[in-house]
Amino acid sequence: MQNLKGQAISKFTFASTAEENSFSAISTKGNVVAISSRFDVDFANGAVTDGNLGVYVDDPLNANDHRWSLNFAGKLDGGRLNIADFSNSKIEYINPVTADVMNETMISPNSTFGGVFTGFSAQGFLGAFDLIDQSNAENSVQGVFSTGRSELVAPTIPDN
């Protein structure tokens, strides 16, 4: 036993596509049809990097659908994810026929996003969000979603 050597793996990517995500969400300007998410977590130092939450809304009352793109970074606090920054996050209004971006606006800094890791070894994540359009506070999306590690890698023990 004393000759066993290995490396603990502490950095993981959590990701799911729009088709894989389980979610429940509402929008004031249409129907939330899909959510995608991706972020990296280093459990050794608590850093959360390269985060993105995509919320896709079909707006049957207007000519343009919209896609919310929340870019974020943050830090772990126990089992919770605290977001420190989601600047450069935007809403794109999309022509559903051509898929061209017709207009963009920023996501309000008054928006909230966070979540908790689940499972014995933090293999899952349950997130919640309340995103507000900075130029029109009456346009918002709220919801919860779940995702997991994109790949689980077991530590290796080299032969001696």
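Positive contributions from Lys and Arg (+1) and negative ones from Asp and Glu (-1), summed over other residues with Cβ under 15 Å from the Cβ of ASP50, come out at +1. Taking a straight line from the alpha carbon of LYS11, these lysines sit under 18 Å away, with near neighbours fewer than eight places off in the same chain left out: LYS75. Modelled label positions at GLN123 and ASP40, each set 7 Å beyond Cα in the direction of Cβ, lie 2.3 nm from each other. Derived scalar couplings between HN and Hα for region 93-109 equal 8, 10, 6, x, 7, 9, 6, 6, 6, 8, 6, 9, 9, 8, 7, 5, x Hz in order, rounded to whole Hz, by the Karplus curve 6.51 cos²θ - 1.76 cosθ + 1.60 (θ = phi - 60°), x for Gly and Pro. In terms of surrounding Cβ atoms within a 10 Å radius of their Cβ, ILE26, ILE35, ILE132 rank from fewest to most as ILE26, ILE132, ILE35. Ordered by the number of other Cβ atoms lying within 10 Å of each residue's own Cβ, fewest first, LYS29, LYS11, LYS90 fall into the sequence LYS11, LYS90, LYS29.
Would you mind classifying region 51-160 by shape? Square roots of the alpha carbon gyration tensor eigenvalues, ordered a ≥ b ≥ c; an a/c under 1.5 is rounded, otherwise it is prolate if a/b is larger than b/c and oblate if not. Prolate, because a/c is 1.5 or more and a/b exceeds b/c.
Extending 7 Å from the Cα toward the beta-carbon at both ALA99 and SER150 defines two label points whose distance is 2.0 nm. Counting charges near ASP59 (Lys, Arg +1; Asp, Glu -1) among other residues having Cβ under 10 Å from its Cβ returns a value of -1. When the charge dipole of region 46-160 is built from unit charges on Cβ atoms (+1 for Lys and Arg, -1 for Asp and Glu) and taken about the Cα centre, the candidate among SER146, ASN64, GLY124 whose Cα reaches farthest toward its positive end is GLY124.
A Gaussian network model of the chain, with springs between Cα atoms under 10 Å, assigns the largest mean-square fluctuation among ALA25, ALA34, ALA44 to ALA44. With a cut-off of 15 Å between beta carbons, the residues surrounding LYS90 carry a summed charge of -4, where Lys and Arg count +1 and Asp and Glu -1.
Readers should treat all values here as calculations from the given coordinates under stated rules, not as data from a laboratory. As the structure is a computational prediction, the values presented were derived from the model and not from experiment. As a convention, Cβ positions derive from the backbone with ideal geometry for all residues, glycine included, and neighbour counts pool all protein chains shown.
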